[in-house]
Amino acid sequence: MESVEEIARSAYERLKAGDPSVEERQLDVKREWHHANQSRSKDEMREEFCKDICALANSSYPSSGYLIFGLSSKTPFAFDAPMPLDEASLQQQLAALLLR
């Protein structure tokens, strides 16, 4: 089984080669974290993040799904997309959203 790093590297190499179809049932790429989109409310951004997570979790693919930040299917470049929260805070916010 490929590591997350190998999956991300493969997606980036495919984008650089001009293949915009890197997104699939197992993989979703985002140029930036949902909070970086200032044109939406916090609730809209959180809901979009939950939808992305749930879509990957509910895919029929037999292994884990991955949401990779810093890549876009529209351009062959990598972007700086630092994690806005520590992992524990991110998991806590996700759990709170799903339990509403």
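The table below gives the values:
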read-out	value
Sole exception among (1) closer than 17 Å to Glu5 by Cβ; (2) surrounded by fewer than 14 Cβ atoms within 10 Å (Cβ to Cβ) for Ala78, by number	(2)
Selection count where residues are part of a loop (DSSP other than H, G, I, E, B), without any contact (Cβ under 8 Å) to a residue 40 or more places away in the chain, surrounded by fewer than 12 Cβ atoms within 10 Å (Cβ to Cβ) and under 15 Å from the mean Cα position of the chain (by Cα), scope the stretch 83-93	0
Members of the stretch 11-43 that are in a helix (DSSP H, G or I) and over 16 Å from the mean Cα position of the chain (by Cα)	Glu13, Arg14, Lys16, Lys42, Asp43
Residue ID - surrounded by the most Cβ atoms within 10 Å (Cβ to Cβ), chosen from residues in the stretch 15-34 that are charged (D, E, K, R) and touching a Ser or Thr at 6+ places or on another chain (Cβ under 8 Å)	Lys30
Odd one out for Ala55, checked against (1) surrounded by 12 or more Cβ atoms within 10 Å (Cβ to Cβ); (2) hydrophobic (A, V, I, L, M, F, W, C); (3) over 26 Å from Glu6 (Cβ atoms)	(3)
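Here, each number is a calculation from the coordinates, and none is a lab measurement. All of these numbers come straight from a predicted model, not from anything done at the bench. Ideal geometry is used to build each Cβ from the backbone, glycine not excepted, and the neighbour counts take in all protein chains shown.
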